[in-house]
Structure formats: structure tokens, C-alpha cells
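To start, the structure itself, in C-alpha cells.
The values are calculated or read from the model by the stated rules, or taken from the named source; none is laboratory data. The structure presented is a predicted model; accordingly, all values stated were derived computationally and were not measured. Cβ atoms come from the backbone with ideal geometry, glycine included; neighbour counts cover every protein chain shown.
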Amino acid sequence: MLQIGKVEKVIYELREEHPLVIPQLDPDKNTVEQGNKWFRQVKDIGIKLIAVGGSTIDAVNTQRLLDMAVNDYDFLVLLYLTANINAIKGKAGRTAAYWMQVPNALNTLYNWDGLISNSMQMEKNELEALPTVYVFDDRGSVGTANWITRSNPIPKDKPELSLAVAKAAQFLGIRFYVMAGGSGSASPPPTSHIERLAEHTQLFVIPTSGINTVANAKALFAAGADAIHVGNRLEQDGGFKELDGMYAAAKEYPGRKFL
């Protein structure tokens, strides 16, 4: 019998209203004091679901920020980590992790090795696993995640390859598809890929990286994105004003039912 965790259920419930805007906090770039300010600004916008993580992490600082997000601000938190997830303690019903397989990574740690080495700790650490495929597409730049995974990105003019990967993932029972370009991507996610995935799969499609403006967000929602991640933009001047505009824009687009 298919079992859906509490956090995943809430994600689907929120998606029934409109596409989601998920701000992402990088623990390597934020102290507890900075995180407190970040959480307060996101809370004031009205967002309930956030992501915490990055390509390289300080487990101690990540834990402090995670605890603050859940206990002090009542956020639902998605962990977005590529390593050391077994060192993080969550809170049942409030924290989940993208349980990610990176099919176009040449570094096998991000194919299956990392999942196997961390799997026995997930339930003990009260982290709900979201079955996810994390796929790099070419954005004209190389970020930390691209370099660490040694990814072979899908060319921008090959949306049919994204669809083939997504179909393979869906047939394996994976439910979330994250489109990655790497932090600080030179360009936003290609809408032609999103359109294919939205039309021909039942996956929850989440484009990330290079989403810097409300116009970027609108284009992705119009193409069929179920959610977007916004991270690097929030480290820049005017980032939270842009996030507020993206969240308002998301409400202009229709909901989608998954359950």
C-alpha cells in the first residue's frame, strides 16, 4: 500500500490552492542571527513551507537553524542536502528531506551510494523521505552542486531528454522532479522542459536555480511548474521584495490535485 507522509500530504494540499514558492536557506551562508531575520521576513510574507540546505553543510549550524525554523516559527521544512543528512535530527510531521537520486551525476555518491549509506538513519532521525529525482539541465554556468556531482547536464534544446528521465523516474515510483541548474545559474529553468513534464507525467515538478524575478516565476508557473525554489536571490538586495511578488503571483495560477 502506498504510504504518503504528513509533510508530503501538506505539500499536496497547498498545491491544490496554487503553485508553491519555496524559499531556501543555505546554512553555510547564514548564522543563527541571520537565519532568525530570514525566517521572520519569510513568515511575514505568509509562506508556510521552506527548504534548508546546500551543497556543503555545517551539520551543527544546520541543526540550529532547523530547530529554530520548526520550533520558533512553525515552518514545515524540507531538507535539501547532498551529504551528512544522517547527522541531522528532524521533528516528525514537520520535517522532510528530498530523498534524491541524481541520474546524470558521474559521482556515484549521488546515484545510490549516498542513499544507501543514509537510509537507516532517516526514520530514527524523524525525517520523512520525499522520493525525488534531481536532474541537472544546462544553464550556461557551473555551481558547487554541478562540480561536486560531476553532472552531465541535459542540453537546453533537448526537452525530450528531460521527459525521458522523468518517465523513467515515474515508473520507478518517484514522485518529485527537481530541475537543477546550480546555485547562481546564469539563466532560469527552460520552460520547454517544464511544459513536457507537466503535460506528460504525474510528477510534482520543481524548477530551481536562476529564478530571480517575478517575471521568471510567472513564466515557470504558466509552463506548469508545481513549485519553485528561490535561494540565491534572497542573499541579494531586494530579494525578499521579489519573493513577496513571486508569492503573490503564484496565487494567480490554478491549483492542481495530486491525491
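Assorted remarks:
- Checking L163, L197 one by one, the residue that is in contact with a helix residue (DSSP H, G or I) (Cβ under 6 Å, 6 or more places away or on another chain) and closer than 19 Å to V21 by Cβ is L197 and no other.
- Selection from the stretch 40-53 of residues that are farther than 14 Å from L79 by Cβ and either out of contact with any strand residue (DSSP E or B) (no Cβ under 8 Å at 6 or more places or on another chain) or part of a strand (DSSP E or B) (or both): R40, Q41, K43, D44, I45, G46
Every residue, every condition in (1) of a type in the set (S, T, N, Q); (2) surrounded by 14 or more Cβ atoms within 10 Å (Cβ to Cβ), yes or no:
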site	(1), (2)
L2	no, no
L14	no, yes
V21	no, yes
P27	no, yes
Q41	yes, yes
I45	no, yes
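- Whenever a residue of the stretch 236-253 is surrounded by fewer than 18 Cβ atoms within 10 Å (Cβ to Cβ), its partners that are in a loop (DSSP other than H, G, I, E, B) and modelled with pLDDT of 95 or more, lying with C-beta atoms within less than 7 angstrom and at least six residues away or across chains, give the pairs K251/H18; Y253/H18; Y253/P19.
- Highlighted here are the helices (runs of 4 or more DSSP H) found entirely within the stretch 178-259 that include at least 3 residues which are touching a Pro at 6+ places or on another chain (Cβ under 7 Å) and not β-branched (V, I, T): 191-200, 214-223.
- Taking residues in the stretch 26-51 that are under 18 Å from H229 (Cβ atoms), and partners anywhere that are among the basic types (K, R), the pairs with Cβ atoms closer than 8 Å and at least 6 places apart or on different chains are G35/R64.
- Of everything listed in (1) closer than 24 Å to A219 by Cβ; (2) over 16 Å from the mean Cα position of the chain (by Cα), the single unmet condition for T31 is (1).
- Those residues of the stretch 107-127 which are assigned to a loop (DSSP other than H, G, I, E, B) and within 20 Å of K89 (Cβ to Cβ), in sequence order: M122, E123, K124, N125, E126, L127
- Identity of the residue in the stretch 135-166, basic (K, R) and more than 19 Å from the chain's Cα centre (by Cα), that ends up modelled with the lowest pLDDT: R150
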